[in-house]
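Below is one structure; the comments refer to it alone.
All of the numbers you see were taken from the coordinates with simple rules; none came from a lab. On a predicted model such as this, the values are computed, not experimentally measured, just so you know. Cβ coordinates were reconstructed from backbone atoms using ideal geometry, including for glycine residues, and neighbour counts include every protein chain displayed.
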Amino acid sequence: PEPVTRLVSRCLSPGPAARPSAFEARQVLEEELLRMRARAFLPPGGHGPRPGEDRKEPRGSLPRPLSAFLPRAQILESIAGTLAAHALVTLTGPGGVGKTRTALEIGARPEWSERGAWFVDLAPLAPGAGVVGAVARSLRLRDSSGADEDRMIRAIADALGGARPLLILDNCEHLVAE
């Protein structure tokens, strides 16, 4: 991306005055990462569906995978069976084993097309921050900042409808009270 190219060029500048500070470099990289993550969530065309819209395309907000999924049919079937029997399922394991990617594969399955599969990345939230607000944003609900939490929860329930959709809450371990 152009901002990163300019940043690298400035970092390699022979004169120290032209080089960016560490703070500025980090800011440019973080902004570009946010742009890239946002693009991964949007389908071609630049905007995603809203809950409850009539359409033939799958309902939800799953990011497009950036890599191929390694076949894990037995694990996927086990998770699908568990989801059919239970309203809350937690995937656990060390970082990097593929929990997020596996959850996204489950959400991309045809059985979730009608009911919807919604991805909520909680990594940017600070402990004690608004998980309910993050879910509302993932559902592309009207800006609810300042709304009381009960109203936001009702709005989320209304948007999702009674179809028992899949809500993938990713990176929530840092939000749990110790």
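Observations on the model:
- Taking 7 Å steps out from each Cα toward its Cβ at R142 and T82 produces label points 3.9 nm apart.
- Only Cα sites of the range 64-123 enter the Debye sum here, all with the same form factor; the resulting log10 I(q)/I(0) across q = 0.23 1/Å is -1.18, listed in q order.
- Extension gain for L12-I153 works out to 45.8 nm (0.36 nm per residue, less the C-alpha to C-alpha distance).
- Inter-probe distance in nm under a simple model that places probes 7 Å from Cα toward Cβ, at Q74 and T92: 2.1
- Cα-based radius of gyration for the range 98-178, normalised by 2.2 N^0.38 Å, reads 1.13.
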